[in-house]
Amino acid sequence: MNDGVWSEDKIVDFYNIWQKSENKQLELGAYIDIFKQSDAMIHDSGSFLAEYLYLNKPVMHLAETEEVTNYLNDFGISCYNVCSKNNTGNLAIEPFIKDVINNIDRGFEDRNKFVELLKQRYFPSINSPSNFIFNHINSYFVN
């Protein structure tokens, strides 16, 4: 396959790098189980900003500048604000990983408050159909 940007060899090399790495993983399909089994996540994904927060596990976003917020809506910015941040030179990654290994979660309270505020805003009634659906979907992640 040649898409006009990458040659077939470059595409094959790209996938081989992911397959051979001990500490990286590329998933092209469902990732719920990966989220559930993870201890934390370090990512640069816009969609994972929100999706992973519901697990309330340590999470770091890799953007090296605050310019990433130029591409996010208000909700995305709120999600970004409760993530640990990388910094120039990737100096924050190693301490973040050490904290995860030592079961230190510096962002737990902020993430927990954020998720609770979202639940109150969007699911105000504990008996609402929306709350039931949310809890049902969330049970696949948390349990």
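Values quoted throughout were computed directly from the atomic coordinates according to the rules given, and no laboratory measurement underlies them. On a predicted model such as this, the values are computed, not experimentally measured, just so you know. Neighbour counts are summed over all protein chains in view; Cβ atoms, including those assigned to glycine, are modelled from backbone coordinates with ideal geometry.
Quick look at the values:
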| item | result |
| --- | --- |
| Distant-in-sequence amide H partners of Ala63 (H built 1.01 Å from N, under 5 Å) | Asn86 |
| Peptides 23-34, 44-55, 81-92 ordered by average Cβ neighbours within 10 Å, highest first | 44-55, 81-92, 23-34 |
| Difference of contour (0.36 nm per residue) and Cα-Cα distance, Lys119 to Glu64 | 16.8 nm |
| Value in Å of the Kirkwood radius, where the chain supplies the Cα pairs that are averaged | 17.3 Å |
| Whole-Å distance, taken between Cα centres, linking the stretch 1-52 and the stretch 87-122 | 22 Å |
| Normalised contact order of the chain, rounded percent, pairs of Cα under 8 Å and 6 or more residues apart | 21 percent |
| Long pairs among Lys20/Lys57; Lys10/Lys98; Lys24/Lys85; Lys10/Lys85; Lys24/Lys98; Lys85/Lys119, criterion Cα-Cα beyond 28 Å | Lys10/Lys98; Lys10/Lys85 |
